[in-house]
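Single-structure report; data block below.
The values are calculated or read from the model by the stated rules, or taken from the named source; none is laboratory data. Because the structure is predicted, anything quoted here is derived from the model rather than measured. Virtual Cβ from ideal backbone geometry, glycine too; neighbours counted across all protein chains shown. The accessibility values were calculated without ligands, DNA or RNA, using every heavy atom of the protein model including side chains. Shrake-Rupley method; radii C 1.70, N 1.55, O 1.52, S 1.80 Å.
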Amino acid sequence: KMKVNEITSAIMKLEFKDLEEVQKTLTYCRDKEFKVGAKVSFLRKKSGKRIYGLIDRINQKSIGVTSEEDGGWKVSKSLLRLEV
């Protein structure tokens, strides 16, 4: 098993084309963790408030999140953070 600093060092030596492949793999690994019913949060830009909720639907580019306090939201996958 590689250590994080070894991985970082290896990434720094890659060419742009190879970096794109690494990015695709990382995005895939992150996205497969998003499942209906998972607890997630995101930061609302206007107020700076962190919204907590559950995933209720998954679309190709966005995820539906329902929050008891703040209602329903359609959020980009890149803005979501899984909560444990």
Within segment 4-24, restricting to residues that are polar (S, T, N, Q) and open to solvent by 80 Å² or more (accessible area, probe 1.4 Å), the one that is nearest to the chain's Cα centre (by Cα) is Q23
Expected single match for of a type in the set (S, T, N, Q) and modelled with pLDDT of 95 or more among S41, S78 is S41
Condition met for R81 (within 18 Å of D31 (Cα to Cα), of a type outside the set (S, T, Y) and under 12 Å from the mean Cα position of the chain (by Cα)) = yes
Within segment 1-46, residues being over 30 Å from E68 (Cα atoms) and basic (K, R) number 5
If you go through K61, K35, K45, K39, the only one that is charged (D, E, K, R), without any contact (Cβ under 8 Å) to a residue 24 or more places away in the chain and over 15 Å from S78 (Cβ atoms) is K35
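So in segment 25-47, with the set limited to residues that are assigned to a loop (DSSP other than H, G, I, E, B) and surrounded by 12 or more Cβ atoms within 10 Å (Cβ to Cβ), which one is farthest from the chain's Cα centre (by Cα)? Full working, then the answer.
Step one: filter segment 25-47 for residues assigned to a loop (DSSP other than H, G, I, E, B), giving 32-38, 44-47.
Going one step further and asking which of them are surrounded by 12 or more Cβ atoms within 10 Å (Cβ to Cβ), we end up with 34, 38, 44.
Numbers: F34: 8, A38: 12, R44: 15 Å.
Here the residue is R44.
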